[in-house]
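S.K.: This is the structure I have questions about; it appears just below.
The values are calculated or read from the model by the stated rules, or taken from the named source; none is laboratory data. Worth saying up front: this structure is predicted, and the values here are computed from it rather than measured. Don't worry about glycine lacking a Cβ; one is built from the backbone with ideal geometry, like all the others, and counts go over all protein chains shown.
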Amino acid sequence: AQKITQTQPGMFVQEKEAVTLDCTYDTSDPSYGLFWYKQPSSGEMIFLIYQGSYDQQNATEGRYSLNFQKARKSANLVISASQLGDSAMYFCAMREASGGGADGLTFGKGTHLIIQP
Amino acid sequence: NAGVTQTPKFQVLKTGQSMTLQCAQDMNHEYMSWYRQDPGMGLRLIHYSVGAGITDQGEVPNGYNVSRSTTEDFPLRLLSAAPSQTSVYFCASRPFDGAGDRQPQHFGDGTRLSIL
């Protein structure tokens, strides 16, 4: 079973609209962290936002916020007031604490977001 | 502050050739990792290291070797390149932050590798 599922392979959104990118995850570990990364066409991986499994509040970073629903095991990224520069691939990823010293992230397959003027 | 530096940016190899992808970070991070990214896929973990002298396998380690002799450097070796190893390779690092473990990974710009 996939640990990270992103069900939207591609999305088209009008500029200035809000965008929600879906992410569901699967883990039996009570301690984990969820990350969102942006990959523009130039290829680099840009960290956007983090949510810890024990965090009481949803994470926010500027125009990015995370809609964290722990019982549903979902961690959707919300981008407010989208801009043309938001066009990119977006990846959801998870780090589980029970890796026994293992490091590294498990990634979803990504969502290709295109912002239209 | 250079961050994570990967060399080369592009490389073409013939099947059976060997090569080393270089990765260096100047942030004194304890943790370093190598990922590969194939079309339509997210990144998949190849190998990682939690400190100098300590390495371990990730999800897709076959065909790759790593070593970590210094904190700064974490090279990835392809001993006998195969077409299935055609991919974009990313190196990443992050600091160890104790119990919180909230630190994101910082990625290099990637190496695009083609095996003919």
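S.K.: Name the residue that is nearest to the other protein chains (Cβ to nearest Cβ), counting only residues in the range A:53-97 that are of a type in the set (A, V, I, L, M, F, W, C) and assigned to a loop (DSSP other than H, G, I, E, B).
M.R.: My answer is A:Ala97.
S.K.: When only residues in the range A:29-44 that are of a type outside the set (Asp, Glu) and in contact with an Asp or Glu (Cβ under 9 Å, 6 or more places away or on another chain) count, which is surrounded by the fewest Cβ atoms within 10 Å (Cβ to Cβ)?
M.R.: A:Ser42
S.K.: Taking the range B:61-84, which residues are more than 14 Å from chain A (Cβ to nearest Cβ), touching a residue at least 40 places away in the same chain (Cβ under 8 Å), of a type outside the set (A, V, I, L, M) and not in a strand (DSSP E or B)?
M.R.: Selection gives B:Thr71, B:Glu72, B:Pro75, B:Ser80, B:Pro83.
S.K.: Still on this structure, I have one more. Inspect all residues belonging to the range B:98-110 and state whether any of them is more than 9 Å from chain A (Cβ to nearest Cβ) and farther than 22 Å from A:Gly33 by Cβ.
M.R.: Checked the range B:98-110: no residue is more than 9 Å from chain A (Cβ to nearest Cβ) and farther than 22 Å from A:Gly33 by Cβ.
S.K.: Scan the range A:12-33 for residues that are under 30 Å from B:Arg112 (Cβ atoms) and modelled with pLDDT of 95 or more and report the count.
M.R.: Counting residues in the range A:12-33 that are under 30 Å from B:Arg112 (Cβ atoms) and modelled with pLDDT of 95 or more gives 7.
S.K.: Out of the residues in the range A:98-114 that are at pLDDT below 95 and more than 8 Å from chain B (Cβ to nearest Cβ), state the one that is nearest to A:Gly43 (Cα to Cα).
M.R.: Among them, the one singled out is A:Gly99.
S.K.: Find all pairs meeting these conditions: Cβ atoms under 6 angstrom apart; at least six residues apart or on different chains; first residue within the range A:31-43 and in contact (Cβ under 8 Å) with a residue 24 or more places away in the chain and closer than 16 Å to A:Gln83 by Cβ; second residue part of a strand (DSSP E or B) and not hydroxyl-bearing (Ser, Thr, Tyr).
M.R.: From the range A:31-43, the pairs are A:Lys38/A:Ile46; A:Lys38/A:Leu48; A:Lys38/A:Ala88; A:Pro40/A:Ala88.
S.K.: Sticking with this structure for a sec: Just need a number here: residues in the range B:59-84 that are surrounded by 21 or more Cβ atoms within 10 Å (Cβ to Cβ) and over 24 Å from A:Arg95 (Cα atoms).
M.R.: Residues meeting the conditions: 1.
S.K.: Within the range B:39-58, which residues are at pLDDT 90 or above, at the interface with chain A (Cβ under 10 Å from one of its Cβ atoms) and in a loop (DSSP other than H, G, I, E, B)?
M.R.: B:Gly58
S.K.: Here's something else I'd like to know. Select, from A:Lys38, A:Lys16, A:Lys3, the only residue that is closer than 17 Å to B:Ala92 by Cβ and either among the charged types (D, E, K, R) or away from chain B (no Cβ under 11 Å) (or both).
M.R.: After ruling out the rest, the residue left standing is A:Lys38.
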